[in-house]
C-alpha cells in the first residue's frame, strides 16, 4: 500500500505582500476578483491584506472574509494590540479566519529598526499571540528576518510563540539573503531544538532578491516546512516573492523529489496570472517560468522536430495542465523544414517538393530580417499573387464620441466589395465601439488576439502606429498594421488590414478549413 503523501498548505499573499509592489495597489473590487479566483483555484489560505494599514485595507479583508467559500482568510498584524484587534475584526465574518502576526528576531532589525533587546521581544511575542488567540484558534507567528537571526535565539522566540498558542510558525527570508543550504540548515536546526515543534506547521516565505526564492521554498519543503507563502507571478516588494505557479508545478512535475501534494487546480494558473497582470499592469516577462508567453513556445529547429514527433522530448509538463491552450512552434530563423512543412499543412497548403524548397528558402531569407514570422507572412510566401489582390474592405471614415460622461460611440463607414455601408455601435471606449462596428459590417468569427499602440514620433501630435492580430477559429494568426495621428483611426485601419488578409486567406483554402 502506497504511503499517504503529506499536504502542503498553499498560503497566497498576492493581495498583501504582492500588493506592496510599488505601483501594484488594487481597489477593493479588484481584490475581490483576485480572491475569487484564488478560492476557485484551491489555495488553502488567502492573506487578504493588512487590516491596520488603512480603512480601505480593512474593508477589503472584511469583504473577502464575507464571500470566500473555501479558503482560510488571513490578515497581517504587527505585534501590536491595535493591529491584532483590527485584524480580528476584519476576519471575523470568515468561515475560517487567521491572524498572522510578526516581529523581527535578527539583531540588525532589533537594533536599528525596533530599538528592542532580545529579552524585550520575548514577552511581546507571548502577549500578542495570546491576544490573537482570543479572536481565532488559527494564529500564525512570523520571525521577521529569520534567516539573519542567531539560531539559538530564534529557537527561543519560536518556543515562546508555540507556548502562547501559535499554530503556524513562519521562518521567512525577509530580505532574500539566504541560499537553499541556509534554509535547510535553519529549518532542521529549529525543528530539532524547539520543544513541541512537531505540534505546529512550519512555513516559509521567500523573497527573490538573489533570484533564489523558488529554490529556497523547495528546500524548506524538503526540510519539513508544510506551508509555502507565495504570490501569483511572483509579485511582491523589491524583486518579488516566490511564484506560486513555480512551486506548485515543481511539486506536481517532480514527485520523486517532493513526495507531497497540494489542492491547487493547476488548470486555473493562467487565468489567475492574466488577471493579476491585467489588474496591476505588471507585464509577465516572456521567458517567465510556467506563465510567460514563451514557456511553451519553441523556435529551435531541433526542438521543433522533437516536439512534432513527441511533445515529451522538450516539454516536461503539458501546456493544458496550467491553462494554456497548446504549445506553439514559433517560426523564425532557427526553424527547420519539419516545422515549416507542418505550418503549411496547418494553413491548408499541400505543395510539391520543388515548390516547398523554394518557399522554405524564401522563408529563411525573411526570417533573417524579422524577429518572428507570422501566418500572414507564410501566406504571402506561398501565394505570389497575394499582393495583387484587391482589398475586400476599405476604410472610408469614422466619427467617435467619448469621454467620462455618457456612452462611447462610433459611427463607421466602410467600403465592402465596392459598396459603402455604415454602422453605429457603443462600446467600452472608442476603440471597442469601432471594432464592434467593423464586426457588424463584416461579420466574422475571428477573435482579437493582440492590440498594441506605438507612438512613431515624439510629442502630443505623435503619429500612432497600431498592430492588430486576429485569430481564426482554426488557430491561424493574421497581423494588420495601421498608422494615423488619430489613434482610433489607426486602430480601424489596422483591424481592416488584418481582416482583408483573413478574407483573402479564406478564398485560397477550402471552405471547411478556412471559415472565418
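Hey, what's the Kirkwood Rh for the chain if you take every pair of different alpha carbons, in angstrom?
Values: mean 1/r = 0.0381 Å⁻¹.
Hydrodynamic radius (Kirkwood, Cα pairs) of the chain is 26.2 Å.
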Completion exercise
Here the relative contact order (percent) of region 390-514, from C-alpha pairs under 8 Å and at least 6 apart, is 18
Practice task
Using a/c under 1.5 as the rounded threshold, could you call region 164-209 rounded, prolate or oblate? The axes a ≥ b ≥ c are square roots of the C-alpha gyration tensor eigenvalues, and prolate needs a/b larger than b/c, oblate otherwise.
Solution key: oblate
Completion exercise
Descending packing, highest mean Cβ count within 10 Å first, for 59-67, 12-20, 437-445, 197-205 is 12-20, 59-67, 197-205, 437-445
Fill in the blank from the handout: For the residue 325, residue 70 Cβ pair and Förster radius 25 Å, calculated FRET efficiency rounded to 0.05 is 0.40
Completion exercise
Expressed as a whole-number percentage, the relative contact order of the chain with C-alpha contacts under 8 angstrom and at least six residues apart is 9
Problem - Simple label model, 7 Å out from Cα along Cβ direction - residue 28 to residue 120, nm - result: 3.8
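When the helices in the chain are scored as -39500 (n - 2.57) per DSSP H run of 4 or longer and the sum is shared across all residues, what 222 nm value do you end up with, to the nearest 500 deg cm²/dmol? Before the final figure, lay out each step's value.
Numbers: 16 runs with 195 residues, N = 516.
Result for the chain, helices only: -12000 deg cm²/dmol.
May I ask what percent, to the nearest 5, of DSSP beta bridges between residues of region 155-257 are antiparallel?
On the way: 1 of 9 bridges.
Around 10 percent antiparallel, to the nearest 5.
Which of the peptides 415-428, 172-185 is most tightly packed, and how do the rest follow, going by the mean number of other Cβ atoms within 10 Å of each residue?
Details: 415-428: 13.5, 172-185: 19.8.
So the order, starting with the most tightly packed, is 172-185, 415-428.
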Completion exercise
per DSSP, antiparallel bridges as share of beta bridges in the chain, % nearest 5, sits at 50
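Only the coordinates and a few stated rules stand behind these numbers; no lab work does. Worth saying up front: this structure is predicted, and the values here are computed from it rather than measured. As a convention, Cβ positions derive from the backbone with ideal geometry for all residues, glycine included, and neighbour counts pool all protein chains shown.
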